[in-house]
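Report on the structure given below.
The values are calculated or read from the model by the stated rules, or taken from the named source; none is laboratory data. This is a predicted model, so every value here is computed, not measured. Don't worry about glycine lacking a Cβ; one is built from the backbone with ideal geometry, like all the others, and counts go over all protein chains shown.
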Amino acid sequence: MARPSLPGARRRPRPERGGWRHIPALALALVFCLPLVYMVAGSFRKAGLPPPRTPELLPSPIAFDNYERAFELVDLGRHLLNSIAVAAIAVPLTILFASWAGFAISRLPRRAAAALVGISLVALMVPATALLVPRFALFKTLGLTDTWIPLIAPSLLGTSPFYVLLYAWSFRRLPGDLFEASRLEGLGVLGTWWRVGMPLVRPVTVAVAVLAFVFTWSNFLDPLIYLFDPDKYTLPLGLRSLAQLDRQNFPLLLAGAVVATAPVILAFLYVQRFFLQEHRELG
Amino acid sequence: MASLVLTGVGKRYGEVEALRGLNLEVGEGELLALVGPSGSGKTTALRIVAGLEQPSAGSVRIGARDVTRVPPAARNVSMVFQSYALFPHLSVAENVGFGLRARRVSKGEAGQRVRAAAEIVGCSSLLERKPHELSGGERQRVALARALVREPDLFLLDEPLSNLDAQLRVQMRAELKRLHQRLETTMIYVTHDQYEALTLGDRVAVLGDGVLQQVGPPEEVYDRPINRFVAAFVGTPAMNLLPVEGGRAGPFAVRVPASLAGRALEAGVRPEHVQLGTGDSVEVQLVESAGSETFLHLGWRERTIVARTGAGVRPAVGSSVTVSVAPGHVRLFDAESGSAL
């Protein structure tokens, strides 16, 4: 028999059903986490031993000195600082130029915007390797090889047309009245971009920042081509040096890989709350 | 507070002519209601005044200044958008003070002016909230506060009540009227709701097909529409328009002046001027009760005539009633040009 409810009494929220729906997501997360787990576990395996025949989750004995040795063999500390410096310059520049370009596209008349979107899409389809030789020739002519400038230069174009399109699409989704109100209230284009546009596409900025950071951080090819002085090397080149050790010393490479991966994971953990925040403000 | 003069203003979008030769003057402190159906060019006209659109022809003067090529921010006009256009990431206080901050007004002065503007429109208690925490009526008040905090020369309101429910719309309409009376600011109020235009405007300008059809005090526009378009658009229900044949317009006897004899004419009769009890017989097709009044849809041959009567008058559907109209309440139009005669 149904129990009569008291008038005004609040019903308790029912526990959420369908928890099983998360199982595929958890399984997928596990697939992606396993290599990371093995990387961390492997980094504590004693160096100099033959590689294990089966994956081991907890090496015995645990060798903490792998990290110390990795830093002794290769100047990982300097490479880490170099990578941080390159990313610290390239990521903000990527956000600045991608958002400017995206904002401009979003505010243009439809036909002009469509043409620019088309150009961006075409640019997106050009493989990066196809531009290696002309880019190298250009930077060599300008005398900019063996500097970080070739590594940072793509950020002056938003790093990838995809980021520009992401911004253009996000700005386009905002009501045009907001930008017109901003104009009437006395802000110029830059003021409107900064004080109205950017705060309203913050999750996109976070996404672009993470993607650009991962791209810059893990960029191996450009440093390999443009950098000759080991003092200017970034972390991927340092890891490459560790990869040249013999097979028994793979825990040292994994220790270097953990050092290279940790900042990316920490950065993602820090910014994931921005991804999860709802667009309540726009409601 | 300033006057506004539009001279020969036109706007083309490719092949489409949204506005043609608009000549309009709005006096200092006047509230002009700009009304017309969708696509009539009223919002385009407002955006041209605001500077959000450039006219293809003509000029815009605010006070003594020609502002045709002046950017929006330098015109000292404020606009309340249909969507209110409140910045969702800012609090109410920041929204209201947005223009002051953009114009580098000192923090102290801006705070004072924000509080004063919020006080005027009755949103002082909302200053810390975000727009998504406000109801439709509250958002509207905040948009009004933002518009008046800069003390603009000209207030532009683009269908500001259209997103509100019927009850709130009536309340806000009265508040807007009071606000205008208190501030005595020049206002242009765009609406597609002719009732709103008639109740709010000191004068009403009717736009149709991008052309200014008539401008005048509400009662003039209502009682003496200048053409068939205005007659049909202004008034709910619309004016009955009937062809004149042999001194009669439908069931009504019409006096046609000798000077108009032989011309194809149409007679316009407002529903409230249709008198029951004398004259020709018509069939009651539909009875609509609106509480304080009743609308009768009356069939005469192939046409339907609408009569507005008191609440107690409820003839049975299918029955016959007799109708007439006093001669002074018939408006004659040229059947070809549509112009009033």
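Just give me the residues in segment A:202-253 being of a type outside the set (A, V, I, L, M) and touching a His at 6+ places or on another chain (Cβ under 7 Å), in sequence order. Listed by number, the residues that qualify are A:233, A:234, A:238.
Output the residue which, of all residues in segment A:123-156 that are assigned to a loop (DSSP other than H, G, I, E, B) and on the phi < 0 side of the Ramachandran plot, is surrounded by the most Cβ atoms within 10 Å (Cβ to Cβ). Checking each candidate, the answer is A:148. Looking at B:172, B:187, just one residue is under 23 Å from residue B:74 (Cα atoms) and touching a helix residue (DSSP H, G or I) at 6+ places or on another chain (Cβ under 8 Å), and that residue is B:187. Applying the condition of being hydrophobic (A, V, I, L, M, F, W, C) and outside any helix (DSSP H, G or I) to segment A:200-231 and asking which residue is nearest to residue A:259 (Cα to Cα) yields A:220.
Here's the yes/no breakdown for (1) in contact with a Leu (Cβ under 6 Å, 6 or more places away or on another chain); (2) under 24 Å from residue B:184 (Cβ atoms); (3) at pLDDT below 90; (4) surrounded by 22 or more Cβ atoms within 10 Å (Cβ to Cβ):
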| site | (1), (2), (3), (4) |
| --- | --- |
| B:61 | no, yes, no, no |
| B:65 | no, yes, no, no |
| B:69 | no, no, no, no |
| B:85 | yes, no, no, yes |
| B:93 | yes, no, no, no |
| B:100 | no, yes, no, yes |
| B:113 | no, yes, no, no |
| B:128 | no, no, no, no |
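All conditions but one from (1) within 12 Å of chain B (Cβ to nearest Cβ); (2) surrounded by fewer than 16 Cβ atoms within 10 Å (Cβ to Cβ); (3) under 23 Å from residue A:152 (Cα atoms) apply to residue A:229; the one that does not is (1). If you filter segment A:166-218 down to residues that are within 14 Å of chain B (Cβ to nearest Cβ) and among the charged types (D, E, K, R), you find that the one that is nearest to residue B:145 (Cα to Cα) is A:185. Of the residues making up segment B:118-135, those that are of a type outside the set (S, T, N, Q) and away from chain A (no Cβ under 13 Å) number 9. Does segment B:151-165 include one or more residues that are free of Cβ contacts under 8 Å to residues at least 24 places away in the same chain and more than 27 Å from residue B:4 (Cβ to Cβ)? No, segment B:151-165 has no match at all.
Restricting A:111, A:107 to residues that are over 18 Å from residue A:208 (Cα atoms) and crowded, with 16+ Cβ neighbours inside 10 Å narrows the list to A:107. Where strands (runs of 3 or more DSSP E) fall wholly inside segment B:223-290, the ranges with 2 or more residues that are farther than 13 Å from residue B:340 by Cα are B:240-245, B:275-289.
There is no residue in segment B:104-117 that is within 20 Å of residue B:9 (Cα to Cα), more than 9 Å from every other protein chain (Cβ to nearest Cβ) and out of contact with any strand residue (DSSP E or B) (no Cβ under 9 Å at 6 or more places or on another chain). Do we find that residue A:159 is of a type outside the set (D, E, K, R), crowded, with 22+ Cβ neighbours inside 10 Å and either under 15 Å from the mean Cα position of the chain (by Cα) or not in a helix (DSSP H, G or I) (or both) in this structure? Spelling it out, residue A:159 is indeed of a type outside the set (D, E, K, R), crowded, with 22+ Cβ neighbours inside 10 Å and either under 15 Å from the mean Cα position of the chain (by Cα) or not in a helix (DSSP H, G or I) (or both).
Of all residues in segment B:34-44, at least one satisfies being touching a Leu at 6+ places or on another chain (Cβ under 9 Å), assigned to a loop (DSSP other than H, G, I, E, B), modelled with pLDDT under 95 and surrounded by fewer than 22 Cβ atoms within 10 Å (Cβ to Cβ).
Scanning segment B:69-90 for any residue that is assigned to a helix (DSSP H, G or I) and within 8 Å of another protein chain (Cβ to nearest Cβ) turns up at least one such residue. I need the full set of residues from segment B:40-59 which are under 21 Å from the mean Cα position of the chain (by Cα) and more than 14 Å from chain A (Cβ to nearest Cβ), in order please. If the condition is that a residue be under 21 Å from the mean Cα position of the chain (by Cα) and more than 14 Å from chain A (Cβ to nearest Cβ), then B:40, B:41, B:42, B:45 are the ones that fit. Of all residues in segment B:143-159, those being within 12 Å of chain A (Cβ to nearest Cβ) and part of a helix (DSSP H, G or I) number 4. Here residue B:255 clears all of (1) surrounded by 14 or more Cβ atoms within 10 Å (Cβ to Cβ); (2) touching a Gly at 6+ places or on another chain (Cβ under 9 Å) except the condition numbered (1). Which residues, counting only those in segment B:165-178, are surrounded by fewer than 19 Cβ atoms within 10 Å (Cβ to Cβ) and of a type outside the set (D, E, K, R)? Within segment B:165-178, B:166, B:167, B:168, B:170, B:171, B:174 qualify. Considering (1) within 14 Å of another protein chain (Cβ to nearest Cβ); (2) buried (at least 21 other Cβ atoms within 10 Å of the Cβ), the lone condition that residue A:223 does not fulfil carries the number (1). Applying the criterion of being basic (Lys, Arg) and part of a loop (DSSP other than H, G, I, E, B) to the residues of segment A:35-64, the residue that is nearest to the chain's Cα centre (by Cα) is A:46. Given the structure, is residue A:120 surrounded by 16 or more Cβ atoms within 10 Å (Cβ to Cβ), of a type outside the set (Asp, Glu), touching a residue at least 12 places away in the same chain (Cβ under 8 Å) and over 26 Å from residue A:88 (Cα atoms)? For residue A:120, the condition - surrounded by 16 or more Cβ atoms within 10 Å (Cβ to Cβ), of a type outside the set (Asp, Glu), touching a residue at least 12 places away in the same chain (Cβ under 8 Å) and over 26 Å from residue A:88 (Cα atoms) - is not met.
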